[in-house]
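Structure first, commentary second.
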Amino acid sequence: MTKLRHVLDDRDRADSELRKLRNAIERAGEEEALKDIMREAKELLKRLEKTKADVDELLARASSTFEKLRAISLWRRLAAVFGGVLIFIGAMAITTGLFTIFLGILSGVMTPEVAEILGVVAIGLGALLVLSGFAHQLP
């Protein structure tokens with residue numbers, strides 16, 4: 001940001017000098033004594049115009065970069081929220097799997113062997129969800 005402010009100040013100074021030189025060139029006319037001064041002023045004017053164009057291009061690129069950084073920041077926030085949801089769902093799946101295996105809460109609905117397999121699958125899936133959630137939380 002400091003470099004960008006410095007570049008903006010340089011651009012404003014160059015723009016001011018451009019205006020002064022244009023006005024001086026228009027007022028001076030074609031007198032013989034002023035030809036050398038006019039030639040130097042025209043060269044300086046061309047350099048200042050090029051500098052101004054370069055600064056304008058730099059400002060456009062900097063603006064584009066700042067917009068991309070804002071988008072990335074928003075994306076990281078959304079990924080962190082998604083990671084939190086994954087951690088929550090994974091913790092719930094692990095808890096449900098533990099209840100299924102150790103308390104037999106599904107024993108009335110299905111055979112104990114199937115309930116045990118379902119509990120192990122729920123614990124494994126929950127562990128994957130929690131790990132994926134932590135991966136989304138990292139910067």
Item to check | HN-Hα J in Hz across the stretch 76-90 - Karplus 6.51, -1.76, 1.60, θ = phi - 60°, x for Gly and Pro | outcome: 5, 5, 5, 5, 5, 5, 4, x, x, 5, 4, 4, 4, 5, x
Checklist outcome for this item: Of all lysine pairs in the chain that are eight or more residues apart or on different chains, those with Cα atoms under 21 Å apart total 11
Checklist entry - Residue by residue through the stretch 120-137, which ³J(HN,Hα) values in whole Hz follow from phi under the Karplus form 6.51 cos²θ - 1.76 cosθ + 1.60 (θ = phi - 60°), with glycine and proline marked x? => result 5, 5, 5, 5, x, 5, x, 5, 4, 5, 5, 5, 5, x, 5, 5, 6, 7
Item to check | Cut-off 13 Å between beta-carbons: net charge of the residues surrounding Ser63, Lys and Arg +1, Asp and Glu -1 | outcome: 0
Checklist entry - If you average over every viewing direction, what projected area does the convex hull of the Cα atoms of the chain give, in nm²? => result 12.6
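Give me the dipole magnitude in Debye, nearest 20, for the chain about the Cα centre, with unit charges on the beta carbon: positive for Lys and Arg, negative for Asp and Glu.
Using Cβ point charges on Lys, Arg, Asp and Glu, the chain gives about 200 debye.
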Next on the checklist: Within 12 Å, Cβ to Cβ, of Asp15, how many net charges do the neighbouring residues add up to if Lys/Arg are +1 and Asp/Glu are -1?
Outcome noted: 0
Checklist outcome for this item: What the 10 Å binned alpha carbon P(r) of the stretch 54-129 shows, as percent of pairs per bin from 0, is 19, 25, 16, 13, 11, 9, 5, 1
Checklist entry - When ranked by the protection proxy of mean other Cβ atoms within 10 Å per residue, highest first, what sequence do the peptides 78-86, 65-73, 4-12 form? => result 78-86, 4-12, 65-73
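Any read-out appearing in this document is the output of simple, stated calculations on the displayed coordinates, not a laboratory observation. Quick caveat: nothing in here was measured; it's all calculated off a predicted structure. Here Cβ is always computed from backbone atoms with ideal geometry, including for glycine, and neighbour counts include all displayed protein chains.
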